[in-house]
Amino acid sequence: MKLVVGVGLRANTPYAELRALVDSALKEAPGDVQLIVTVTSKEAELALHRLADDLNAELRAIPPNELAEQTPPNPSEHVEQLTGTPSVAEAAVLAVGAELILPKRRSANATAAIGRLPAPGYQPADREVVHRVIAERRDVRRGFLNLPIDNDLLTRVLESAHRAPSVGLSQPWDFLVIRDLATRRKVHDLATAQRDAFAASLPDDRRAKFDGLKIEAILDTPVNIAVTCDPGRGGRHVLGRHADPRTTWFSAAIAIQNLWLAARAEGLGVGWVSFFEPAEVADVLDLPAHIELVGYLCVGYVEEFAAAPELVRSGWAKRRPLEWAIHHEEWGRREASIVEDAIQAGHNAVQAVGQRVRLIVGGDKADLQQADALVIDLTPTKPQADFGVLWRPARTPAEAVEFGVEIARDLALQGVGQLVVQLADPSAEATALAHGLEVGASACGLTHSRA
Ligand SMILES: Cc1cc2nc3c(=O)[nH]c(=O)nc-3n(C[C@H](O)[C@H](O)[C@H](O)COP(=O)(O)O)c2cc1C
């Protein structure tokens, strides 16, 4: 255990007294003392320097105003009058970010408290690199260079992927590295067919935008990697998988993220292609029947890494604000209420342009004939999966309003510019959700009307 000792002392406290005090404290909270901390006015005390030398620890001094900001368990008015802070020993422990494990004890002239130091994070410059590679990782589909990838480099990237966490350390992934053009052509054909099918499913206005998007670089990259998952790997008793088998696929997906980040750091672009029926790819790649495709990646050197996602730059979609995604203690309790926030945003919203969506609140699948329809199902039983149906079983009208706001704002992030709201259910929740849709639409500058 790495410890910090907080010390308060009178001028010229004898070393033997201080040492005996600290030793008695360390007997109760043993560990490796890294740091001795005191107030700046006592920085020059010889006993402290000797203690630091003898314990092979760093000596640090903190100004009284910083110590006074801490909330120690045993503050003292007397100490405050003498030093300008109600606590030195305990406050010093807290001020260096340690957990106080032994409250202050005193001798005739000194006090000592002990704290436990957390394991250190990286230095600021190293931290910056980690956050930078995460922020600057991009899904790349264009601008690949006709350059081979060095085997050692590719191995380094795969090593990082292989270091991913996995449920029960089952490591359910494998990496099928594909360079062969004939194989890539067959996979490319599958993606093209899926691209056409997706385009055909879109409303006209959205399709026109989609036509301008590139969604894969299978033939433009020298290396494709099929990342697979063996859901049974490790046998019957894999730790942590028994209650939630999805954890196997999560593990493989995390390996892909590791690969993606390591590739970015090495200057390799990666594009994830999911325009596939996974079984069809498995067929082309002749995978064993128990192995499933998780991700198909196109990898190569690129002319640049864009600052923002391509879908943002092309106006197809927008990033979701972090505040919407963080809930405190219970679902829906955000830093600012999403409904209040939407009402405020509505005051200065700029008129949006984008596709029209008809929202049928309380409708069912029969309402999905037209591609611009989206059903909101409020029934308590989960309907069969269908991307045309949003299941929002609101528990109260207030929650229904929040759901409505959120749906409208999330649709706006996906390029929707116009909402037509149709109420097919007279319940209080459905009515409230329809109202929430309108509030959310106004917040994003969407035009909205009732059908
Ligand atoms: C599971 C998954 C599947 C994806 N499938 C595709 C795809 O088929 N085609 C494509 O162009 N991008 C695909 N992407 C990339 C996303 O569009 C991209 O991650 C997103 O727009 C954010 O951009 P960024 O990765 O550059 O930050 C996929 C990403 C993930 C995580």
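The values are calculated or read from the model by the stated rules, or taken from the named source; none is laboratory data. Predicted model, so just to flag it, every value in this text is computed and none were measured. For neighbour counting, all protein chains shown are included, and Cβ atoms are generated from backbone atoms with ideal geometry for every residue, glycine included. For accessibility, only protein heavy atoms count, side chains too; no ligands or nucleic acids. Shrake-Rupley method; radii C 1.70, N 1.55, O 1.52, S 1.80 Å.
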Subset of the stretch 106-131 that is in a strand (DSSP E or B) and not aliphatic (A, V, I, L, M) - its residue that is most open to solvent (accessible area, probe 1.4 Å): 106
Unmet requirement for residue 185, which otherwise passes all of (1) exposed (fewer than 15 other Cβ atoms within 10 Å of the Cβ); (2) part of a helix (DSSP H, G or I); (3) within 13 Å of the ligand (Cβ to nearest atom): (3)
Go through (1) touching a residue at least 40 places away in the same chain (Cβ under 8 Å); (2) closer than 30 Å to residue 241 by Cβ; (3) more than 26 Å from the chain's Cα centre (by Cα) one by one and return the number of the condition residue 168 breaks. (3)
For the stretch 381-451, which strands (runs of 3 or more DSSP E) that fit wholly inside it have 1 or more residues that are of a type in the set (Phe, Trp, Tyr) and at pLDDT 95 or above? 389-391
Restricted to the stretch 345-365 and to residues being assigned to a helix (DSSP H, G or I) and without any contact (Cβ under 8 Å) to a residue 40 or more places away in the chain, the residue surrounded by the most Cβ atoms within 10 Å (Cβ to Cβ) is 365
Can you find even one residue in the stretch 238-253 that is farther than 19 Å from residue 164 by Cα and of a type outside the set (D, E, K, R)? yes
Going through 433, 368 one at a time, which residue ends up being free of Cβ contacts under 8 Å to residues at least 60 places away in the same chain and buried (at least 16 other Cβ atoms within 10 Å of the Cβ)? 368
If I filter the stretch 322-343 for residues that are open to solvent by less than 70 Å² (accessible area, probe 1.4 Å), within 16 Å of the ligand (Cβ to nearest atom), at pLDDT 95 or above and farther than 30 Å from residue 193 by Cβ, do I get at least one hit? yes
What are the residues in the stretch 297-312 that are more than 10 Å from the ligand (Cβ to nearest atom) and crowded, with 16+ Cβ neighbours inside 10 Å, if any? 299, 300, 301, 302
One residue is enough: does the stretch 140-151 have a residue meeting the conditions within 16 Å of the ligand (Cβ to nearest atom), open to solvent by 70 Å² or more (accessible area, probe 1.4 Å) and either assigned by TED's automatic domain parsing to the domain that holds residue 260 or within 30 Å of residue 97 (Cβ to Cβ) (or both)? yes
